[in-house]
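Chemist: Got a structure here, written out as structure tokens. Questions coming.
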Amino acid sequence: DKVIEILERMVVTFPKKNYWMHLAGMYGEKEWDDKALSAYYAAYAQGMFDKESEVVMLSQRLLNAEVPSEATRILQKGFDDKLIEKNEKNIRLLATAYTMAKDYDRAIDAWKDATEYAKDAEVYYRLAQALSNEDRHKEAVAAYRDALEKKEGLKDTTEVEFWLGISLMQLEEWDDATKAFRAAAKDKDRRKSSNQYIQYLANEKKRQAALKEMLTSN
């Protein structure tokens, strides 16, 4: 506690990066996460961060503190300044930050970038979700199917099948949507809702067929 007290005076009188980093570390030792984040952010705001690892660390802490908008700003600046390397890990982090910030247009662009570096199914699934959040269901269906085709990295294919069914339903592709919900129903936790959608789709098909027949007969 005495060390923290001294460091808190030193960062005011002698605002050096080393002192800010030590202070943040001491806050961390005390498990004062909010204070540690504030100290790291103060160092960043004073232009003291000149390493990729420091900017990425601060962004991750901001995400953990549920401040995704600021995390996206810091990460994007890091990429723009060429301080952060474009690789799978960093682009995934940026895409995750945009998703958490509900900035879906930028999240879509970032997840698309991520597919160029990582070929596992999880990236395509996250891209599909971002697309469906923007009602871009045709593109979302393609991404969901890419995820199911690759499979690697997916914890649960029935979850993907379920959301694929939702997007197909929005496109009024009843048969393919029913097929997707049947696959999703293999999971006991999704069985009830999947079967409800299957019944809804069956009724909708009948309703549309009856309407078509009525219009044709007239």
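The values are calculated or read from the model by the stated rules, or taken from the named source; none is laboratory data. Every value quoted in this text rests on a predicted model; they were computed, and no experiment measured them. We place every Cβ from the backbone using ideal geometry, glycine too, and count neighbours over all the protein chains shown. Areas reflect the complete protein model, heavy atoms only, side chains present, ligands, DNA and RNA absent. Shrake-Rupley method; radii C 1.70, N 1.55, O 1.52, S 1.80 Å.
Chemist: When the solvent-accessible surface of protein heavy atoms is calculated with a 1.4 angstrom probe, in what order do Ile91, Ile198 fall, highest first? Before the final figure, lay out the partial values.
Modeler: Values: Ile91 5, Ile198 35 Å².
Ranked from most to least accessible, the order is Ile198, Ile91.
Chemist: Against the longest alpha carbon principal axis of the chain, how many degrees, from 0 to 90 and to the nearest 10, is the axis of helix 137-150 turned?
Modeler: The angle comes out near 80 degrees.
Chemist: Compute the acute angle (0 to 90°) between the alpha-carbon long axis of helix 121-133 and the principal axis of greatest extent of the alpha-carbon atoms of the chain; round to the nearest 10°.
Modeler: Roughly 80 degrees between the two axes.
Chemist: On C-alpha positions alone, give me the angle between the axis of helix 2-13 and the longest principal axis of the chain, in degrees, nearest 10.
Modeler: 90 degrees
Chemist: If a paramagnetic tag sat 7 Å from the Cα of Ala65 along the Cα-Cβ line, which residues of region 1-39 would have the backbone N under 12 Å from that point?
Modeler: Answer for this model: 24, 28, 32-39.
Chemist: Taking 0.36 nm per residue of separation and subtracting the Cα-Cα distance, what length does fully extending Asp1 through Asp50 add?
Modeler: The span from Asp1 to Asp50 would gain 14.7 nm if fully extended.
Chemist: Kindly provide the GluC sites (Glu not before Pro) of region 151-190 that DSSP labels as loop, not H, G, I, E or B, and whose Cβ sees at most 15 other Cβ atoms within 10 Å.
Modeler: Glu152, Glu172
Chemist: Explain nothing, just the number: dipole magnitude of the chain about its Cα centre with +1 on each Lys and Arg Cβ and -1 on each Asp and Glu Cβ, in debye rounded to the nearest 20.
Modeler: 440 debye
Chemist: At 1.4 Å probe size, with every protein chain present, just tell me what the per residue accessible area of region 1-105 comes to in Å². Mind showing how you got there, number by number?
Modeler: Details: 6130 Å² over 105 residues.
Per-residue accessible area for region 1-105 comes out at 58 Å².
Chemist: Now for a separate question. Considering only C-alpha atoms, what is the centroid distance from region 157-206 to region 34-100, in Å?
Modeler: Between the Cα centres of region 157-206 and region 34-100 lies a distance of 39 Å.
Chemist: Out of the total accessible area of the chain (probe 1.4 Å, heavy atoms of protein only), what percent is carbon and sulfur?
Modeler: Looking at the chain in its full context, I get 48 percent from C and S.
Chemist: What are the residues whose amide H is under 5 Å from the amide H of Leu154, where those residues sit 5 or more places off or on another chain and H is modelled from the backbone?
Modeler: Ala121, Glu122
Chemist: From the phi angles alone, apply the Karplus equation (6.51, -1.76, 1.60; θ = phi - 60°) to region 78-92 and give each ³J(HN,Hα) in whole Hz, x where the residue is Gly or Pro.
Modeler: Along region 78-92, the couplings run x, 5, 4, 7, 6, 7, 9, 6, 7, 9, 4, 4, 6, 6, 4 Hz.
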